[in-house]
Every structure is written in C-alpha cells, then in structure tokens.
Amino acid sequence: MQILSIRMKNIKSHRDQQFTFSPGINVLSGPNGIGKSTVFEAIGYALFGVDARDFVGNIERFVSIGEKKGEVSVVFQPGDGETWRASRTVGKSSRWLLARKIGEAFEVEDHANADETQLRIKELLGLDNGRSLADQFKLVIGPFQNDFLGPFVIKQSTKRQEAFDEILGIDAWRKTYKGSKPLLDAVTHKIALITAEVEVKQDQLAVLPDKQQQLKDVKAAYKEHGEKLKSEQAAQDKNSVRLQQFDQQKQALDKLRNELEKTRASITLGKEHVGSQSTLLKQAEKAIGLLDKCRPGKEAFERAEVLLKTLRASDRQRRMVEQEAEKLDREVLRLSESFEHETKEINRAGIALNDEKQQLAEERRRLQPDPQVVADAAKLEVVRAKLEEVQKVCNQLDGGRSSLLEGRDRLAEGVCPFFQEPCQNLAGKEPGDLFSARFATIDEQSRQHAQQITELRASVRDAEQAQKKLDEIKVRTAALDRQIGALEVRRKKLVERSNDLGKLTAAKAEAEGRAAARSKELTVYAKLDEEIKQAEQQRIDHQPDRDEYNRNQQAAEDLPNRRQTLEAYLKRMQRLEKNLQAQSSEEQRLAQSYSAEQHQELTRRQKTLLDRVATLKEQLNAFDRDQQRLGAEIEQLQKVKEEIDQRLLERKAFTEKKALVTFLRNRVFRNVSEQLSERFREEISQRAQRIYRIIAEIDEELCWGENYRIVLRDMVDGEIRERSDDQLSGGQIMSAVVALRLALLQTIGARIAFFDEPTSNLDAARRENLAHAFRAIDVGREEVTEHWYDQLFLISHDVAFTEVTDQIISLDSAP
C-alpha cells in the first residue's frame, strides 16, 4: 500500500497545491500554521471518509476563506500494481468518487452511494475488519495531534479499557455482554407474562365442565319440546281444516247478504229514479206549450237584435269620421303655428347673418399688413445669403492666419514649411520679419468682416420678425375665409327654409279642405242616436218571451229521450224484484246449514293451538340459541385450552433461551473479552518493548498491563520496580505511547500510518533514538521488529528525522 500523491483545491490554507510522496518515511516540515496537519486531515477526508467536522467543527472552516467549495484527490496503489484515485468534494452536494487508472486516464467506478465507495476502498486497503474507515483512521492510523496520547492517559481504568477495546475491535464481546442484559431481562419478563397469562386462562377454563353439562341438558330439552311441537301442530292442522270449512260457509253467506242488501238498495234507488224521470217527462210536455206561446215575442227580439247590430256599426263609422275630422283640425292648427314660427326664425336668422358678415369684413380690413413689414420680410433670403458669404470669407481669413502662424514657427526652426525638411536657404541665417504686415492686413480684414456680420445678423433678425408677422396674418386671414365660407353656407340654408314656407302654405290649405269634407259627411248620421234608442227599447220589451223560450227549448227537445229513459227504468225494476226473491231463498238455505257458535269455538281453539305452537317454537329457538351460545363458548374454551398448551410450550422455549443466554453471558461473553484483551496486550507489549528499548536506550521493560495501563519495570537494588501513570515523566510516557502505537498499527495490519509531532515531550537523545527506531522498522532489523509498513507520514521540526527519512516535504516552498 502506497499513497503516491495528494492534490488540494481550496482546503484551508491550500488554494491549489499538490504533493508527491515516496515509499518509506515521508516527513512534512514547515513553520506553524503553514498547513502540515491539513495534509493529514485531507488524506483522512478523501481516502478514509472522515467527516470534515471532526477536524474543524464547522464544515465551512475546512474550505479556504472566500470559497464555497473545495476538493481533495488522493492517488494510491493498494499493492496489486494498479493505481487508484479517491476524490471527495467539500461543500454542498459533496461527492466521494473512486477511479482506477487505465492507460493515462482515470475511469470512475459506478457506485450507488458513499457506503458502497467506502466498502470498495476498505477492500483495496485490506482494512475490511468490520469497523468503518473513518474510525480506523481517527483511532489508530492517523489520530489527530491533540488525540495522539488519547486513551493512553485516561485516568479512569474503565473508560481506558473501553477505548482500547474499541481500538482493538474486541469491544463487541463486552458490549454484547452488556447488551445481552436487556435480552435476558426481556426473556425473564416474557416468561413472567406467559405465566400470568396461563394462570388467567386456566381460571377461564375452570367453567368448561359446567358448560358441557349445560349443553347436554339443553339438547335433551330441545328434543322433548320438539316432540310436543309435532303433536300440537297435528291438532292445529286438523282444527284448521274444519275452521276453513266454516270460514268458507260464512264468507258465502256474508257475500250473499251483501248482494241482497245491494239489490234492495238498487230497488229503492230505482223507485226514486222512476219518480224523478216521470216529473221530467211532465216538464217536457209542459215546455212544448210554452214554446208555441213565446215564439212571436222571441222572433221580434231577434229582429230588434239584428237592427241594433246594424245601427251600432253605423255608430262606429260615425265615430271614426269624427276622429278623423278632429285630427285634421289639429293638423291645420299645427301647420299654421309652424308657418308663423318658421317666418319669425327666418327673419331673425337673416338679421344675424348680416351682422356677422359686417363683423368679418371689418376684421379682414384690420388684418391688412404694413407695407414696411412686407418689404422687410422680402429681404430675408437676400440678407441670409449675404451673411453666409461674409462668414465664409471670414473663415478663409482665419485659415490663412493659422497657416501663416505655422509657417512662421517652421521658419524659426529652420524647416521649410512646404517640404517639411531643413531649408538650405536659411542655413546659418536669421529669418527676417516676413509675416507681421500680412498678419496686420488679415486682422484688419477680419475686423471689418466681423462688423459686417454683426450688422447682417441684426438685419436677419428684423426680416425674420417681419416674416413671422406675415405668417400670423396669413393664418388669421385663412381663419376668416373659413368663417366667411361657413356664413355663405348658412345663408343658402336660410334661403332654402324661405322656399319651404310655400310648401307649408299648400299643406295647410289641403288639410282645411279635407276637414270640411269630413264635417259634411257627419250630416248623414244626424238621426242615428234616436234609431238606436228605439231598437234598444224593442229589444227590452220582447226579451222576457225570448228568455222563457230559451229556458223551455231544451226540455221540449228532450221529450223523446225522457220517455225512453222512463221505460228503461221500469224494466230494470222488474229484473231487480226477481233477483231479490231468488237471493232471499238462497240466504235462508245457507243460514240453516251454518252454526255461528261452532265457528266461534273452532276459532278460539285455533288461536289457542297457535299460541301453543308459537310458544314451543320460541322455546325451541331459545334452546337452539343456547346450544349455539354454549357451543361457541365451549369452542372458545377449547381454543383457550389450546392457547394454554401453546403458551406453555412457548414458556418452555423461553426458559431454555433464558438458560442459554445466562450461560453465554456468564461463561462466554464475560470471559472472551478479557482473554482477547490479555492476548493482544501480551503480543503488542512484546513488539513495543523492542521499539521502546531503542528509543529510551535504558534497561527498562515496557509492559501494557491490566486495563491497558502503561507500566515500566526495572531493577533497583536487586528488586523489580514497577512505575505507571503519574509516576512516569512526560518523555517516558511519550516514548511508551509511540512504541505502543507502532506495535498496535502492526497488530491490526495497517500498512500506512500518520504521526503528528511524535517527538513532543522528548529530549534530544530520545528524539534521535525515535528516528532511528522508525528507520529500523523500515529496514526490518530483527532486534526491533519485521518490516510491516509501506509508508510512514510524520510532521516534525526535529532535524533527527532528516538523516533517516526517505523524503522531506517542505511546505513553505510548496507551489
């Protein structure tokens, strides 16, 4: 097993750093705070799955300041020649990936979750001993700097024993012994519960014999009452036959008597119908005489009705003519009023139009422009053109002056202003004043043009103001023209309204003519009201005869039907009389063969028999229910008995389990943990003793005693002296702890180990001896121990390790 390299990105102080390791001993050196321990922590995080919070408490502190995410990648070789890379991110959505190197690239294995990744790494590292990789790293392989002495210096022996039992993996026996106590208690409690339950059920089972006897008695009573029921049912059937005969005779007699009563009622009703029909027949015969008497009056009434209907139609026609004449009169009045109103409106509108026309003419006269304004506006374009021309000349003068300035500067430097090179004509000579006169001329011309521009700009402003006034006059003139146009339209409409007055006059004349014609038509109806009054009087005079005729008309017409109905009633009465005689004879015959006393006796006896049968049936049902109840109770008690037997078997099984658990706890679990602890301590002590002698260089024996207590033995005055705990110096304790940890790592089969400042509390000699001990283990010196590790990682500032190390990694010069 060998770790080849580690790369850290944003892990504490390591922003992006990579370290390569060699086989054997690798020492990390550098000043405090440079991040040496962080390298160990990063290996534990990425390769062994240690939680970052075990290092820093808050996972955010494991990431570099200002960053939200970090990553650690460890490349290693398990020993089979293949190269692997374990990488793990820090932060939200952390991922733990394992990849195998194929060719020049790493191919990630597909794992379902982090647990599956851990199992695969444990298999590769050969650390599949039932404990998590994180626990193995924190307890043995790479304990934190503050935990290096760890359980070795725990004062309480019980806690110290529990800690080392956990490290050696033998705490399971002790934990099993303690953990089996609840199991033993649970089994004992279960036996007690079963015993109590069996006792309760046995109390329930005590009534089983009584229940069985009750069931036997109920079955006997059920049989006895069943025989009684059969006897009573036979008597009931015999009595039912006789009672049925009497019921039939009574029903026949009752039916005949009902029919006899109906026949008698029909005869009585028939007599009433015959009397009523005879009366109706006489009324019909009388009605015929009344019809002959009232017929003339009825006919006169009908003639008056026809005349009155005609006269009322004429009256409705007269009212229509009157309404139309009235409507025409209103139309004449409306046309007269409209003519008068329209005439007034036309006159008023004509006056208003004339006034508006005069006002518009006056307004137009006031808008005539001043000739001077017109003249000023006409000069605008000319003045603008002249201003632009003068400005152009002025700009040209400014350009010429700038060119003269540049030429003067060039000549002063002896450079030709045209060819941009030294002028041969001026070589060794002082240039004369060639530009002052020209500057004065240009400046005078520029001043004159500037004055002219100022005057032209004033003229442009005056012309623009005049043009603005002309534009305003044009706008207002256009508005007046539109108003005049609208005025002419209104005048035309007024003329049209004046022409329409003739139409109103013609319509008025036509309406007056039609109204006169309707008034003439009304003279035809002058006597209509008198004629209507006379017709109504005739109708009143003959109405009694008409009413009498109508009242008797239906009766007279119904005379044949009434005669026929009376004859039918008489024939039906004869049939009913015959039926009455026959029914009376049959009723006498049936009454002689029927005995009401015997019928009542049979009915009473039948009721008694029914009561007895019902009572017996109810008793049988009760017996049947009792049988079912007792059967169910006995069946339930039988189940209780079976449950008791089953629970007794369970109690027996639990009793055997209790004996087995007691045996295992007292004979196995309690002793195995102690025996394994003694064997491990003996083996580790032998290995640690050889290492300790090299470190201490004194004749002392290191022993890992009972409860994992560090014990040092030596000879004083010919006697063995033992010292432990507070009797040992810091250097002795540190030397012993280093020796025990190295032996412990070899015992559990770890091929790599991490030591953070293992030389603290050691003097110079012991530090040098410790370094030689590490090298002795590395080369496998027989007097120390066999070579058991592939790599050791140390953090140390001690120069003693520079002589024995395979590689020193100085973090202060790390990239």
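Among the candidates Arg572, Arg589, Arg605, which residue alone is closer than 30 Å to Leu269 by Cα, out of contact with any Lys or Arg (no Cβ under 6 Å at 6 or more places or on another chain), in a helix (DSSP H, G or I) and in contact (Cβ under 8 Å) with a residue 60 or more places away in the chain?
On the way: Arg589 fails: in contact (Cβ under 8 Å) with a residue 60 or more places away in the chain; Arg605 fails: closer than 30 Å to Leu269 by Cα.
Unique residue meeting the criteria: Arg572.
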Pairs where the first residue, in segment 364-385, is touching a residue at least 60 places away in the same chain (Cβ under 8 Å) and the second is open to solvent by 40 Å² or more (accessible area, probe 1.4 Å) and basic (Lys, Arg), C-beta under 7 Å, 6+ apart: Leu367/Arg476; Val373/Lys469
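Each row is one residue, and each column tells you yes or no for (1) among the polar types (S, T, N, Q); (2) buried (at least 16 other Cβ atoms within 10 Å of the Cβ); (3) in contact with a Phe, Trp or Tyr (Cβ under 7 Å, 6 or more places away or on another chain); (4) touching a residue at least 60 places away in the same chain (Cβ under 8 Å).
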site	(1), (2), (3), (4)
Gly30	no, yes, no, yes
Gly33	no, no, no, no
Phe48	no, yes, yes, yes
Val56	no, no, yes, no
Arg61	no, no, no, no
Glu67	no, no, no, no
Ser73	yes, yes, no, yes
Glu82	no, no, no, no
If I ask for residues that are part of a strand (DSSP E or B) and over 48 Å from the mean Cα position of the chain (by Cα), which ones from segment 1-16 would you list? Gln2, Ile3, Leu4, Ser5
With the requirement that a residue be in contact (Cβ under 8 Å) with a residue 12 or more places away in the chain and open to solvent by 60 Å² or more (accessible area, probe 1.4 Å), what does segment 726-763 give you? Arg751, Asn761, Asp763
What pairs can you find where one residue is in segment 678-689 and open to solvent by less than 50 Å² (accessible area, probe 1.4 Å), the other is in a helix (DSSP H, G or I) and of a type in the set (S, T, N, Q), and their Cβ atoms are less than 7 Å apart, with a gap of 6+ or different chains? Phe680/Thr747; Ile684/Thr747; Arg687/Gln746
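Residues to consider are Tyr549, Tyr569; find the one that is among the aromatic types (Phe, Trp, Tyr) and open to solvent by 70 Å² or more (accessible area, probe 1.4 Å).
Values: Tyr549 fails: open to solvent by 70 Å² or more (accessible area, probe 1.4 Å).
Step by step, each of Tyr549, Tyr569 is checked, and only Tyr569 is among the aromatic types (Phe, Trp, Tyr) and open to solvent by 70 Å² or more (accessible area, probe 1.4 Å).
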Is there any pair linking a residue in segment 537-563 that is within 16 Å of Lys286 (Cβ to Cβ) to one that is surrounded by fewer than 16 Cβ atoms within 10 Å (Cβ to Cβ), with Cβ under 6 Å and at least six apart or on different chains, and which? Ala555/Gln283; Ala556/Ile288
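Would you point out the residue of segment 465-512, among those that are of a type outside the set (Gly, Ala, Ser) and open to solvent by less than 40 Å² (accessible area, probe 1.4 Å), that is farthest from Ala375 (Cα to Cα)? Can you show your working first?
Residues of segment 465-512 that are of a type outside the set (Gly, Ala, Ser), as a first pass: 465, 467-477, 480-484, 487-497, 499-501, 503-505, 508, 510, 512.
Add one more test, that the residue is open to solvent by less than 40 Å² (accessible area, probe 1.4 Å), and what stays is 470, 477, 480, 487, 494, 501.
Numbers: Leu470: 11, Thr477: 19, Leu480: 24, Leu487: 34, Leu494: 44, Leu501: 55 Å.
The selected residue is Leu501.
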Looking at segment 207-221, I want the residues that are within 15 Å of Gln636 (Cβ to Cβ) and have a partner that is outside any helix (DSSP H, G or I) and open to solvent by 60 Å² or more (accessible area, probe 1.4 Å) with Cβ atoms under 7 Å, at least 6 apart or on another chain. Which pairs are those? none
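Being of a type in the set (S, T, N, Q), at pLDDT 80 or above and either surrounded by 12 or more Cβ atoms within 10 Å (Cβ to Cβ) or not in a helix (DSSP H, G or I) (or both) is the filter here; which residues of segment 513-542 pass it?
First, the residues of segment 513-542 that are of a type in the set (S, T, N, Q): 519, 523, 534, 537-538.
Adding the requirement that they be at pLDDT 80 or above leaves 534, 537-538.
Within segment 513-542, Gln534, Gln538 qualify.
Take the residues of segment 700-730 that are of a type in the set (D, E, K, R) and at positive phi: which is modelled with the highest pLDDT?
Quick first cut of segment 700-730, residues of a type in the set (D, E, K, R) only: 700-701, 706, 709, 713-714, 717, 719, 721-723, 725-726.
Next, only the ones that are at positive phi stay: 717, 725.
Working: Asp717: 82, Asp725: 74.
Selected residue: Asp717.
Restricting to segment 21-52, what's the tally of residues that are in a helix (DSSP H, G or I) and hydrophobic (A, V, I, L, M, F, W, C)? Let's see the steps before the verdict.
First, the residues of segment 21-52 that are in a helix (DSSP H, G or I): 36-47.
Now narrow it down to the ones that are hydrophobic (A, V, I, L, M, F, W, C): 39-40, 42-43, 46-47.
Of the residues in segment 21-52, 6 are in a helix (DSSP H, G or I) and hydrophobic (A, V, I, L, M, F, W, C).
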Inspect all residues belonging to segment 106-118 and state whether any of them is at pLDDT below 90 and among the acidic types (Asp, Glu). no
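Quick one: is Leu353 open to solvent by less than 60 Å² (accessible area, probe 1.4 Å) and under 30 Å from Lys493 (Cβ atoms)? Lay out the reasoning, then the answer.
Numbers: open to solvent by less than 60 Å² (accessible area, probe 1.4 Å): yes; under 30 Å from Lys493 (Cβ atoms): yes.
Yes.
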Output the residue which, of all residues in segment 705-733 that are in a helix (DSSP H, G or I) and of a type in the set (Gly, Ala, Ser), is nearest to the chain's Cα centre (by Cα). Gly730
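The values are calculated or read from the model by the stated rules, or taken from the named source; none is laboratory data. Values in this document were obtained by computation on a predicted structure and should not be read as measured data. Neighbour counts run over all protein chains shown; Cβ positions are idealised from the backbone, glycine included. Calculation scope for accessible area: heavy atoms of the full protein, side chains included, ligands and nucleic acids excluded. Shrake-Rupley method; radii C 1.70, N 1.55, O 1.52, S 1.80 Å.
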